[in-house]
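The values are calculated or read from the model by the stated rules, or taken from the named source; none is laboratory data. All figures in this text were calculated on a predicted structure; none of them were measured in a lab. All Cβ positions, glycine included, derive from the backbone under ideal geometry; neighbour counts span all protein chains shown. With ligands, DNA and RNA removed, areas are computed over all heavy atoms of the protein, side chains included. Shrake-Rupley method; radii C 1.70, N 1.55, O 1.52, S 1.80 Å.
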Amino acid sequence: MTEQATRQVLQGNEAIVEGALAAGCRFFAGYPITPASEIAELMSLRLPAAGGTFIQMEDEIASMGAVIGASLAGVKSLTATSGPGFSLMQENLGYACVAEVPCVVVNVMRAGPSTGLPTSPAQGDVMQARWGTHGDHPIIVLSVSTVSDCFDITVHAFNLSEKYRVPVIILSDEVVSHTREAVFLPAPEKIEVVERIRPSVPPEWYIPYEDNSRGVPAMAVLGDGYRHHVTGLIHDNKGFPTDRPEEVNAFQRRQFRKITNGFYEIQMTKSFMMEDAEVAVIAYGSVSRSALHAIKAAREKGVKAGLLQLITLFPFPKRNVDPVLRQCRAVLVPEMNMGQISREVKRVNLSSKVVTINRVDGQFITPTEIYNKLLSM
Amino acid sequence: MPEKVERLRHDYLRHDKKFPHVWCPGCGNGIVLGALIRAIDSLKLEKDELVLASGIGCAGRMPVYVDFNTLHTTHGRALTFATGIKLANPSLNVLTVMGDGDATAIGGNHFIHAARRNLDLTAIIINNQIYGMTGGQYSPTTPYGSKAATAAYGHIEHAFSIAELAVTAGASFVARGTVYHVPLLDKLIAQGISKKGFSVIEIISNCHIQYGRRNKMGDPVTMMQGFKDRAVTVEKAATLSAEELHDRITIGVLTDVDKPNYTEELQKIRDIAKDKS
Ligand SMILES: Cc1ncc(C[n+]2csc(CCOP(=O)(O)OP(=O)(O)O)c2C)c(N)n1
Ligand code: SF4
């Protein structure tokens, strides 16, 4: 093991694998789909050597089920897919929310709906990532825009998932996942890795879903002596099904409170040239790469432009977006969809001027498009 | 005998808040629960090392009553969760209990692939030939001609034979029992759990409420009498013609073969991978 960071040239999907392994992931279940398959392929190579398990399941429903099962048995687990597979995962994803099972799901977005435009880039699954499974539920959605992000954000994803006992979705897209770039991977001992909190009380005292100040109950692992019941039904704090309104209400509200409590830590954004910005781009995923070029070009023309790159998409990082809306006379939200995040931006401050670029033709949003729009704002 | 029942109840049932159970009086599910507990007791398995996972349906309600590590998963998906659990911790004994719809309609794909993969899991399938929980709609095992909530004019599809399906799909151990033949059932479940590899125990059971009533099959006792009358052992069945076997229930062990064990194979891969890296 070296103390030094190591320089490597990696593809986005490969960096996701490296991040997952660094975060302690030792289980992967998945089903092949472009543009996500490299993650499964590399996992099948790397996990056995790390003493972990790779399994190709019969479909994405099964993959999600196996991921939840492995996590319940104490192993950090990952699956990776694209739109069609992500749709199939939704029911079991809801199970992970309700039973509070940590796990990470990568969705390398491609243009949809349905089989759509395989495998042109798109960002059409943003709202599905937030609301794809039925019912009110907590979930964390992160997005990546560079290969280096793919590593870092995957580590964060596992950490947040363990800490808050919630599934974390990583939204990548075809451009990020297939781009090769040089990255510096930190030395393993430099990487902060978070583990779920396990019960410390004797088993007979253990109350599996007991509330506490964080709203995140200690999590026993199957086979560790804390026998309990896990269910997708709404349950009381012992984990048994209940329909008593006060118990149901307490359960549902704790789910939201645990995310609200952690909001400052969960909301992640990056600012570029924002100090004196008069106009700003708010972007995420591969589009923020174009945006970075565009603001630099705009500055050369004398336009004071900045960029707020969203890493966390949900819970929506409104506390970081709000100051940008107040500071700038106008904000541009370019997206490869019909406006899934621009709507969230507008909701933060209804009096702000929010301009959009929406591309849904399977083509990447270029720096020039963003630049031209910036000059007209 | 009564002391033994008392002890089993005390040792294996959950005492807080779980009873009365949700099943209709006379439902075969209770008999299966009893058989499962006796089988586990006879094998002297540690409760901490036992996982019982179910899907959704009347059968799926079973885990909540027993003091193991229990999981009530999503409809049809119990085997997928069980697969993850077993792979993550091969020292656990992982059992699933499913209804016929759960295991062979919505979960049919997982079922055949679990059998093919041959991971060391035990699948108990309570086949009551109907969707009990949702009100008597037809399932993949509803017999041709039967009435169901969604087959008012008589069912026009043909039924799966679950045990035979499991044999063809590659399970290591496959048996069929009924809720009438209880001592045999205890034994078949114990054999299935002990078997290294994927085991299936199909249990013909009565849903007198949603299936029996609609098809004028009488009360639970009459339905069980029917299982008794229709049952033939695997050995006897081998001597009968297809016509003679029509409408009979073949009970006993249909297959018991040894195949490479999945978790051991996985370990071999890990060793090779470590050497190479
Ligand atoms: C995805 C999904 N579809 C439908 C249902 C509704 N549902 C609950 S149980 C069930 C069928 C139960 O029949 P079976 O599996 O044979 O079990 P039984 O109730 O007879 O024990 C259905 C269709 C569901 N819970 N989830
Ligand atoms: S509906 Fe049928 S299967 Fe369900 S509990 Fe009643 S008798 Fe049993």
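The calculated FRET efficiency for the pair B:Ser194 and A:Arg347, based on their C-beta separation and a Förster distance of 51 Å, comes to about 0.30.
Site pair B:Glu6 and A:His293 shows an inter-label distance of 8.2 nm when each label is modelled 7 Å from Cα along Cα→Cβ.
According to the calculation over all Cα-Cα pairs in chain B, the P(r) per 5 Å bin from zero is 1, 6, 12, 17, 20, 17, 12, 7, 4, 2, 1, 1, 0, 0 %. Under the criterion of Cα pairs below 8 Å and six or more residues apart, the relative contact order for chain A equals 16 percent. Overall size of chain A from C-alpha positions, given as principal axis extents largest first: 69, 47, 44 Å. Normalised by 2.2 N^0.38 Å, where N counts its residues, the alpha-carbon radius of gyration of region A:216-266 equals 1.32. Cross-link reach is defined here as a Cα-Cα straight distance under 16 Å, omitting same-chain residues fewer than 8 places apart; for A:Lys163 the aspartates and glutamates meeting it are A:Glu100, A:Glu192, A:Glu195, A:Glu210, A:Asp211, A:Glu265.
Any idea what log10 I(q)/I(0) is at q = 0.26 Å⁻¹ for region A:71-118, Debye with uniform C-alpha scatterers and no solvent? For the requested q values the scattering log ratios are -0.96.
Among the lysines of region A:271-377, pairs at least eight places apart or on separate chains and with Cα atoms under 22 Å apart come to 12.
The stretch between B:Ala149 and B:Lys236 holds 27.8 nm of extra length on full extension. This uses 0.36 nm per residue minus the Cα-Cα distance.
Compactness of the protein assembly as shown is given as radius of gyration and Dmax, 27.3, 94 Å, from Cα positions. Be a star and scan region B:181-225 for residues whose amide nitrogen sits under 18 Å from the point 7 Å along the Cα-to-Cβ vector of B:Glu164. Counting backbone N atoms under 18 Å from the label point, the list is B:200-205. Within the accessible area of region B:2-276, the carbon and sulfur atoms contribute 56%, probe 1.4 Å, all protein chains present. Inter-label distance, A:Met273 to A:Glu247: 5.8 nm, where each label sits 7 Å from its Cα along the C-beta direction. Rounded to the nearest Hz, the phi-derived 3J(HN,Hα) couplings of region B:223-232 under the Karplus curve 6.51 cos²θ - 1.76 cosθ + 1.60 (θ = phi - 60°) are 5, 5, 4, x, 4, 4, 5, 8, 6, 9, where x marks glycine and proline. Looking at region A:160-250, the trypsin sites (Lys or Arg not before Pro) that sit in a DSSP loop and have at most 15 other Cβ atoms within 10 Å of their own Cβ are A:Arg214. Per residue, the solvent-accessible area of region B:99-190 (1.4 Å probe, heavy atoms of protein chains only, all protein chains present) comes to 35 Å².
Cβ-Cβ distance of B:Ile269 and A:Asn261, R₀ of 30 Å, FRET efficiency by 1/(1 + (r/R0)^6): the value works out to about 0.10.
In summary, the aspartates and glutamates within cross-link reach of B:Lys259, defined as a Cα separation below 14 angstrom excluding same-chain residues under 8 places away, comprise B:Asp120.
Would you please state which residues of region A:17-44 a label at A:Gln8 would reach in this model, taking the label point 7 Å out along Cα→Cβ and a backbone N cut-off of under 16 Å? Residues passing the 16 Å test: A:17-26, A:38-44.
Roughly how large is the B-A contact in terms of buried accessible area, totalled over both chains, probe 1.4 Å, nearest 100 Å²? Rounded to the nearest hundred, the buried surface is 3200 Å².
Kirkwood hydrodynamic radius computed over region B:138-277 comes to 17.3 Å, based on all pairs of distinct alpha carbons. In percent, how large is the relative contact order of region A:89-233, given Cα pairs closer than 8 Å and 6 or more residues apart? Taking the mean separation of contacting Cα pairs over the length of region A:89-233, I get 27 percent. Its Cα centre serving as origin, region A:6-190 has a Cβ charge dipole (Lys and Arg +1, Asp and Glu -1) of approximately 340 debye. Within the straight-line cut-off of under 16 Å between alpha carbons, the lysines reachable from B:Lys18 are A:Lys238, sequence neighbours fewer than 8 places apart in one chain being disregarded. For A:Asp211 and A:Met338, a Förster radius of 35 Å and the Cβ-Cβ distance give a FRET efficiency of 0.30, rounded to the nearest 0.05.
The eigenvalues of the Cα gyration tensor, multiplied by 5 and square-rooted, give region A:270-376 an equivalent ellipsoid with semi-axes of 18, 17, 12 Å from largest to smallest.
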